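The values are calculated or read from the model by the stated rules, or taken from the named source; none is laboratory data. Keep in mind it's a predicted model, so treat the numbers as computed, not measured. Cβ placement follows ideal geometry from the backbone for every residue including glycine, while neighbour counts extend to all protein chains displayed.
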Amino acid sequence: MPELSFQRDTSNDGDSEDVAGSVGGSTKEKEEEVIDYQADYEDENEFHVPNRIGFDTAAWGDVDKGFKGGKKLKKKEIRRGKFLVSDLKQTYKKLMAAGITFAITSEHYGLSSRKASLSSEEIIARFTDDSKPLLASTMTNPYKSFRKGTGIRLTRLSILQAIEASAERLGVSSIDLYQVPSRTALLPNVITDALNMALDQNLIQYVGVTNLSKDSMTRFTNKLTRRGDGEHSLTSNRFEFSLINRKAHKSGLIAACKALGVVPVAANPLGDGLASGVYTAANPSGGDVVSGKPRFDFETLEKWSALHNALGAVGEKVKKRMEKENSELKGRRSRYGGNAINTDFSPSQIAINYVVAKGCVPIPSIKNPKEADELIGCLGWGLTDDEVRMLDNAADMCDQGL
């Protein structure tokens, strides 16, 4: 596990602006405490993701994923997992305060709510006044028309306009990381020219791709560098990776990313919930008695029983190992402020830190404060090589049974 490092954001030091204090309405100089447990991590490039963990906002503004644009929820809606903007605001604040500041969005996230200015990008913009998130937005597949569609983008101007529109919805002048899908990345010269123009115009800071293979990633990187000023390069590659989908590791894609100096970003790190340990053969519903039917069939859950058992066993090992270490960490952290270190490690947290241990930045989809707390519980600890091997061995057993 990388050495733990505590960093305080001192960007406001020396600022004379007074803000209301938390006690008795007194005022004091504003100081933002940020703890980055992996500040000393050997990054693949200069794009450092605090704590090597981020979150996806795919559900934000999406009515099909439980979002509701009003201000109140009925009891039955709460039981069904519906959520409001106020829930997302609380979620966002929790994550930012804990040091999980890398947020991924897209121009098509929450598109159904854009008329009400409640798409994912627009919701994020509402929350960023008092925080400094690391924002990544993603252009949609240019060949797909979804709902009202964006049209096919095959010109430099249309791609620049898409970037400018995302920046405007996010309320920023420059997007930290702009991701393009694999089919866009392979457009002959158009996309690399447009991205280089966006970089030169400071519309974006870094370029990322999604689901690009090893060979295609190398070609895209070379083309981006060749058609730019020689300084621009590929920053990240986002693809699915979890305990139930380890293709990126087995194929050498993660290793290829590191060899090229590209940050591997792991989408869907809990495998749609199958790698979370929440749904098991012994508990197919995951405790959800509202929906009326299990999320996975019994046959699927039974095939992954060895992995689910291993998640629990590793959780117990981590708990015992960290009991002593937590005492020291709590003492160190108390001098910096912040949340208490996790002392009880859930299967989901084990699964997410497995992804971190494999060298990726996991970005689970988060949409409520409970999920935020679960993700925050991943900070401040990691898995040993032996614990990672236990999980790999269990996953191998399950793979052979599929």
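Show the residue pairs that are 6+ apart or on different chains and have beta-carbon atoms under 9 Å apart, the first residue being within the range 198-227 and in contact (Cβ under 8 Å) with a residue 12 or more places away in the chain and within 17 Å of residue 267 (Cβ to Cβ), the second being of a type in the set (Asp, Glu) and in a strand (DSSP E or B). Matching pairs, first to second residue: 211/240. Listed conditions (1) at negative phi; (2) within 17 Å of the chain's Cα centre (by Cα) are all met by residue 52, apart from (1).
Exactly one residue out of 94, 82 is under 29 Å from residue 285 (Cα atoms), at pLDDT 95 or above and buried (at least 18 other Cβ atoms within 10 Å of the Cβ): that is 94. Those helices (runs of 4 or more DSSP H) of the range 112-224 in which 1 or more residues are polar (S, T, N, Q) and modelled with pLDDT of 95 or more occupy 120-127, 156-170. Comparison of 251, 242 shows that the only residue that is in contact (Cβ under 8 Å) with a residue 40 or more places away in the chain and either surrounded by 21 or more Cβ atoms within 10 Å (Cβ to Cβ) or small (Gly, Ala, Ser) (or both) is 242.
If you go through the range 287-310 and pick out every residue that is aliphatic (A, V, I, L, M) and either at pLDDT 90 or above or part of a helix (DSSP H, G or I) (or both), you end up with 4.
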